[in-house]
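Just below is one structure, and these are the notes that go with it.
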């Protein structure tokens, strides 16, 4: 087996429209796909502009209640600027960026309480 990359991460949300607005409008991701071609499932997928691992905003996994995702790490080229812009846009962080032995990072939550790490290597 030769795994090449991570293609999709499922993010459990309670309201796909609210989550889509957060990930697209606040975090600057692109809407990659949105359809309801499978009965009972609305597929909403976002990804960083320019590609990378996509996030599917899911409501259909009983074992993944909204807000249960912890430790998703998003990379930033300018953490301080991104942090300041997101704070100005109403995103609540656990605290300002801190230097860790592995990177500088800070943590915020999406509207459902999924914890996301914003990191600059």
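The values are calculated or read from the model by the stated rules, or taken from the named source; none is laboratory data. Only a predicted model underlies this, so the values are computations on that prediction, with no experimental measurement involved. Neighbour counts run over all protein chains shown; Cβ positions are idealised from the backbone, glycine included.
A few comments on the model shown:
- Contacts under 9 angstrom Cβ, first residue in the range 71-92 being in contact (Cβ under 8 Å) with a residue 24 or more places away in the chain and on the phi > 0 side of the Ramachandran plot, partner surrounded by 11 or more Cβ atoms within 10 Å (Cβ to Cβ) and part of a strand (DSSP E or B), 6 or more apart: 71/115; 71/116; 71/117
- Residues satisfying the stated conditions in the range 1-36, i.e. touching a strand residue (DSSP E or B) at 6+ places or on another chain (Cβ under 6 Å), without any contact (Cβ under 8 Å) to a residue 60 or more places away in the chain and either within 17 Å of residue 64 (Cβ to Cβ) or in a helix (DSSP H, G or I) (or both): 8, 10, 16, 20, 24
- Positions within the range 106-121 being touching a helix residue (DSSP H, G or I) at 6+ places or on another chain (Cβ under 9 Å), closer than 18 Å to residue 48 by Cα and either part of a strand (DSSP E or B) or modelled with pLDDT under 95 (or both), in sequence order: 108, 118, 119, 120
- Any hit, the range 46-54, residues being in contact (Cβ under 8 Å) with a residue 24 or more places away in the chain, part of a loop (DSSP other than H, G, I, E, B) and over 22 Å from residue 28 (Cβ atoms): no
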